[in-house]
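Q: First, the structure itself, so that you have it in front of you.
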Amino acid sequence: MSQKIRGVKGTRDVLPIDTYVKDDDPWVRVGHYDLVEQSARDLFPLYGYREARTPILERTELFVRGIGEVTDIVGKEMYTFDDHGDSLTLRPENTASLVRAYVEHNVNQQEPETKWWYLGPMFRRERQQRGRYRQFTQIGVEAFGSPGPRIDAEQIELLDRWLRRLGLAFEMHLNTLGDAACRPKYRQALQSHLRSRSQELCEDCQGRIETNPIRVLDCKNPKCQEVAAGAPRMEEFLCDACKAHFAGVQEALQRLGVRFVIDPKLVRGLDYYTRTTYEAIATSGLGAQSTLAGGGRYDGLVRDLGGPDVPGIGFAAGVERMALLLAQQGKERATQPLVFIAPLGEAEAARADQLAQELRAAGLSAEVSFRKANPGNQLKRADALGARFALVLGDQELKAGRAKLKELRTGAQHEVSLQGIAGEVARLLGTPR
Ligand code: HAM
């Protein structure tokens, strides 16, 4: 036998059937992903977000300039390769890509405010653990052209509503990182605090003092956390405009009834943020990788990527993490067939194909068995597929033009006419057509 070829580390197969993907994961099926994705498709347009699709491949420079050279993502996690002289990268996130598309197509000249949402795979070469993979799926939104705090609150309320609709338990964390006017002063103050206690910091954070001191604040190392606890706080350094913006976001959230906690350590891992940052953090079920979604405002990014001076704000959610929680709760989007038809012989098989065709034409899902098996085994198969009704079609049924439709959950038998089967099923469903 030839050797099996395994999937790449940090990637996952998501199948319609139960599959034990990684040791400590619950069974995540397509139905769990589907529930997350469909709920976004239903909800996001209610807030005016329209779907945008951009390529998975981008020029490496986009992420180096967009996300920031000293971030973990750009520094060590990107899948980058040479394409005949061009350096290309599998997107590690989608904000930079959407900004590129926004700038490339001069969208601001066509509309003053733009709201886009997206869904797709992202790639980061991270150490794999539960809820952290090398290929993962994000659903996100980006809003361009709205500088005031009301859009921040509207977007946070959207995230809040979405996660609640799915029944996920989380806490919404909120912070502000200031802007180009006030952050440099804060950075300096923070640096001098960190320099004075550099011996206590982990090796990574010692390096961060000069390159990206704000990231020391969210280091998980307990020693670094101790040093961070005594550090100066951004809020003491905010300029008046940033203070007013942050107050405006909080007031608007209160008006909309969104609960949140202020979290001064919420600094995010990407360099483009200004002012508002936020994260929805799961309160149980995920362990270390518990951030379901994160985002914030990036008022300088469009300009930094060669576009006009247009502000932006967005978030992205990790679909795998949400799917894991839904799997734990046993919630998924059903994709089961409505009617399972099991013909017992050749003539019955031909009729079964037509019956299935008629049901499908009426918008009802049907599955026909192509296997020879006895009625008992056919019913077992219907049950395993999660079908609502099973119809065993034998010689007698064919002759009589009538058959019993068995409701699998209750065991109830409904006699139906094969002629006009779609109408019969619709009648049973209470939706006559
Ligand atoms: P991020 O915090 O890097 O932000 O990622 C957002 C979410 O994606 C995380 O909260 C997490 O749920 C999920 N995620 C990230 N990395 C992984 C991974 N390796 N495996 C599984 N899930 C992961 C961004 O990507 C920004 N683009 C968000 C944003 C949009 N900011 C403004 N607009």
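Q: Out of the residues in the stretch 132-162 that are outside any strand (DSSP E or B) and near the ligand (Cβ under 8 Å from one of its atoms), state the one that is surrounded by the most Cβ atoms within 10 Å (Cβ to Cβ). Spell out how you get there, then give the answer.
A: Start the filter on the stretch 132-162 by keeping residues that are outside any strand (DSSP E or B), which leaves 133-134, 145-162.
If we keep only those that are near the ligand (Cβ under 8 Å from one of its atoms) too, we end up with 133-134.
Numbers: TYR133: 24, ARG134: 19.
This residue is TYR133.
Q: For the stretch 76-131, which residues satisfy the criterion of being without any contact (Cβ under 8 Å) to a residue 24 or more places away in the chain and either within 13 Å of the ligand (Cβ to nearest atom) or out of contact with any Gly (no Cβ under 9 Å at 6 or more places or on another chain) (or both)?
A: Initially, the stretch 76-131 is screened for residues without any contact (Cβ under 8 Å) to a residue 24 or more places away in the chain, giving 80-85, 104-106, 109-110, 127.
Result: THR80, PHE81, ASP82, ASP83, HIS84, GLY85, HIS105, GLN109, GLN110, ARG127.
Q: Which condition breaks for ILE214 when tested against (1) within 27 Å of the chain's Cα centre (by Cα); (2) more than 16 Å from the ligand (Cβ to nearest atom)?
A: Going through the list (1) within 27 Å of the chain's Cα centre (by Cα); (2) more than 16 Å from the ligand (Cβ to nearest atom), ILE214 breaks only (2).
Q: A follow-up question, please. Could you check the stretch 266-280 and list, in sequence order, the residues that are more than 9 Å from the ligand (Cβ to nearest atom) and not basic (Lys, Arg)?
A: Scanning the stretch 266-280 gives LEU266, VAL267, ASP271, THR274, THR276, TYR278.
Q: Looking at the stretch 387-433 only, could you name the residues that are closer than 26 Å to THR335 by Cβ and of a type in the set (Lys, Arg)?
A: ARG388, LYS404, LYS406, ARG409, ARG427, ARG433 - these are the residues of the stretch 387-433 that are closer than 26 Å to THR335 by Cβ and of a type in the set (Lys, Arg).
Q: Looking only at the stretch 305-340, count every residue that is within 16 Å of the ligand (Cβ to nearest atom) and of a type in the set (Lys, Arg) and tell me the total.
A: Residues flagged as within 16 Å of the ligand (Cβ to nearest atom) and of a type in the set (Lys, Arg) within the stretch 305-340 amount to 1.
Q: Residues that are free of Cβ contacts under 8 Å to residues at least 24 places away in the same chain, within 25 Å of ARG29 (Cβ to Cβ), open to solvent by 10 Å² or more (accessible area, probe 1.4 Å) and out of contact with any helix residue (DSSP H, G or I) (no Cβ under 8 Å at 6 or more places or on another chain): does the stretch 350-366 have at least one? Write out each step before concluding.
A: Quick first cut of the stretch 350-366, residues free of Cβ contacts under 8 Å to residues at least 24 places away in the same chain only: 350, 353-354, 356-357, 360, 363.
Adding the requirement that they be within 25 Å of ARG29 (Cβ to Cβ) leaves 356, 360, 363.
Those left that are additionally open to solvent by 10 Å² or more (accessible area, probe 1.4 Å): 360, 363.
From the residues that got through so far, the ones that are out of contact with any helix residue (DSSP H, G or I) (no Cβ under 8 Å at 6 or more places or on another chain) too are 360, 363.
Checked the stretch 350-366: at least one residue is free of Cβ contacts under 8 Å to residues at least 24 places away in the same chain, within 25 Å of ARG29 (Cβ to Cβ), open to solvent by 10 Å² or more (accessible area, probe 1.4 Å) and out of contact with any helix residue (DSSP H, G or I) (no Cβ under 8 Å at 6 or more places or on another chain).
Q: Could you look through the stretch 233-258, keep only residues that are over 30 Å from the mean Cα position of the chain (by Cα) and not in a helix (DSSP H, G or I), and pick out the one that is nearest to GLN206 (Cα to Cα)?
A: ARG233
Q: Restricting the search to the stretch 380-432, which residues are closer than 19 Å to GLU367 by Cβ, without any contact (Cβ under 8 Å) to a residue 24 or more places away in the chain and open to solvent by 60 Å² or more (accessible area, probe 1.4 Å)?
A: Of everything in the stretch 380-432, those that are closer than 19 Å to GLU367 by Cβ, without any contact (Cβ under 8 Å) to a residue 24 or more places away in the chain and open to solvent by 60 Å² or more (accessible area, probe 1.4 Å) turn out to be LYS380, ALA384, LYS404, ARG409.
Q: Please indicate, with yes or no, whether at least one residue in the stretch 20-42 is out of contact with any Gly (no Cβ under 6 Å at 6 or more places or on another chain), polar (S, T, N, Q) and farther than 21 Å from ILE139 by Cα. Spell out how you get there, then give the answer.
A: The initial filter retains those residues of the stretch 20-42 that are out of contact with any Gly (no Cβ under 6 Å at 6 or more places or on another chain), namely 20-42.
Narrowing the set further to residues that are polar (S, T, N, Q) leaves 38-39.
Next, from what is left, pick out any that are farther than 21 Å from ILE139 by Cα: none.
There is no residue in the stretch 20-42 that is out of contact with any Gly (no Cβ under 6 Å at 6 or more places or on another chain), polar (S, T, N, Q) and farther than 21 Å from ILE139 by Cα.
Q: Sticking with this structure for a sec: Can you confirm whether the stretch 123-131 contains a residue that is open to solvent by less than 30 Å² (accessible area, probe 1.4 Å), modelled with pLDDT of 95 or more and of a type outside the set (Asp, Glu)?
A: yes
Q: Assuming VAL70 fulfils every condition listed in (1) in contact (Cβ under 8 Å) with a residue 60 or more places away in the chain; (2) under 19 Å from GLN155 (Cβ atoms); (3) among the hydrophobic types (A, V, I, L, M, F, W, C) apart from one, which condition is it?
A: All conditions are met except number (2).
Q: Then there is this: Looking only at the stretch 259-269, count how many residues are within 18 Å of the chain's Cα centre (by Cα) and modelled with pLDDT of 90 or more.
A: Final tally of qualifying residues: 1.
Q: Got at least one residue in the stretch 238-250 being farther than 19 Å from ALA153 by Cβ and either polar (S, T, N, Q) or out of contact with any helix residue (DSSP H, G or I) (no Cβ under 7 Å at 6 or more places or on another chain) (or both)? Steps first, answer last, please.
A: Pass one, the stretch 238-250, residues farther than 19 Å from ALA153 by Cβ: 239-240.
Narrowing the set further to residues that are either polar (S, T, N, Q) or out of contact with any helix residue (DSSP H, G or I) (no Cβ under 7 Å at 6 or more places or on another chain) (or both) leaves 239-240.
The answer is yes, given that some residue of the stretch 238-250 is farther than 19 Å from ALA153 by Cβ and either polar (S, T, N, Q) or out of contact with any helix residue (DSSP H, G or I) (no Cβ under 7 Å at 6 or more places or on another chain) (or both).
The values are calculated or read from the model by the stated rules, or taken from the named source; none is laboratory data. Since the structure is predicted, the reported quantities are computational estimates derived from the model, not experimental observations. Ideal geometry is used to build each Cβ from the backbone, glycine not excepted, and the neighbour counts take in all protein chains shown. In case anyone asks, the SASA skips ligands and DNA or RNA and just uses the protein heavy atoms, side chains included. Shrake-Rupley method; radii C 1.70, N 1.55, O 1.52, S 1.80 Å.
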